[in-house]
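Down below is the structure, laid out as structure tokens.
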Amino acid sequence: MRAHHDVNDPLLHTGFLKGFMDGSLGSRTAAMKAPYSDDPGNTGLPQYTQPQLNKMAVERAHAGFQLGFHAIGDKAASMALDAYEQPGISSTARNRIEHAQVVDPADIPRFAKLGVIASMQPSHLLTDMNWAEDRLGPQRAGYSYAWKAFLDAGVPLAFGTDYPVEPITPFRGLYAAVTRMNEAGTKTYFPQNKIMRGQALYAYTQGSAYAEFAEKHKGKLLPGYDADFILVDRNLYTVGAPAILQTVVQESFVAGQESFAGSVSAR
Ligand SMILES: [Zn+2]
């Protein structure tokens with residue numbers, strides 16, 4: 001596929017390969033170091049053994065791919081880090097762990113050491129907070145979706161929506177990142193891992209640009225940059241947190257050209 005596609009196509013970037021380490025928390029298929037709190041015989045379903053994973057990772061890295069492993073459980077994240085720690089894999093490759101929802105606190109500094117990006121989607125918390133504590137128990141739940149802990153450890157953070165698994169609006173994720181509260185505002189999930197609005201907006205823009213080696217032309221509004229941007233109807237730094245959810249996109253620009261004008265609620 002890569003051979004048949006222009007690597008410089010600005011709208012479809014093909015340098016990245018995603019592999020699946022495990023499943024999801026909701027279905028109890030995320031690979032965990034210790035059993036599920038609500039299913040004591042079950043530690044989830046890793047998709048590979050460590051030797052298989054190590055071999056695959058080196059082969060694909062040598063073929064020139066940037067790697068990302070979907071890892072929801074702490075065991076899956078650990079295995080992915082073990083694979084990235086191999087001598088054949090460079091710490092400048094900007095390899096990623098996708099989702100990184102439950103990560104053993106002892107593994108967080110390994111992301112920084114290995115140059116691995118935590119590629120996360122805060123909107124997952126709004127869906128998963130309905131069952132996460134049942135699955136994980138209070139201790140593991142307390143360090144899950146650990147956006148602040150990653151930032152504090154110097155780990156590059158890239159945010160996205162995970163559409164179509166979650167709704168495409170980024171504002172739901174922004175709200176989750178800065179509140180760790182459900183949309184009704186009635187329940188908060190371990191608020192110690194909240195982050196600041198500027199940190200969340202950075203992760204959605206410059207952090208994501210860095211994660212695709214595009215930080216020199218995407219992620220900022222500066223002369224010479226791509227001018228991909230939107231106009232919204234409110235100041236996301238100053239509105240009350242619940243109002244973030246009602247943000248309306250008024251105009252969209254791609255490479256400086258208006259691609260959408262009107263008024264659409266991103267929800
Ligand atoms: Zn995934």
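A few points about this structure:
- Based on the convex hull around the alpha carbon atoms, the chain presents an average projected area of 14.7 nm².
- Sorting 26-32, 211-217 by their mean Cβ neighbour count within 10 Å, with the most densely packed peptide first, gives 26-32, 211-217.
- Sequence ranges 57-64, 115-122, 140-147, 221-228, ranked by mean other-Cβ count within 10 angstrom, highest first: 115-122, 140-147, 57-64, 221-228
- Dipole of region 2-224 [Lys/Arg +1, Asp/Glu -1 at C-beta], most positive-end residue of 32, 196, 109: 196
- From least to most packed, judged by other beta carbons within 10 angstrom and beginning with the fewest, 188, 127, 247 follow the order 188, 127, 247.
- Taking the centroid of alpha carbons for each part, region 130-157 and region 73-111 are 15 Å apart.
- Gaussian network model of the chain, springs between alpha carbon atoms under 10 Å - residue of 150, 159, 229 with greatest fluctuation: 229
- Over the residues of the chain, the helix contribution to mean residue ellipticity at 222 nm works out to -7500 deg cm²/dmol, using -39500 (n - 2.57) for each DSSP H run of at least 4.
- Shape parameters for region 87-168, alpha-carbon atoms, Rg then Dmax in Å: 13.4, 41
- Remark: relative contact order (region 2-224) = 15 percent; criterion is Cα-Cα distance under 8 angstrom and separation of 6 or more residues.
Throughout, read-outs are computed from the coordinates displayed, never taken from laboratory work. Predicted model, so just to flag it, every value in this text is computed and none were measured. Note: ideal-geometry Cβ built from the backbone for every residue, glycine included; neighbour counts use all protein chains shown.
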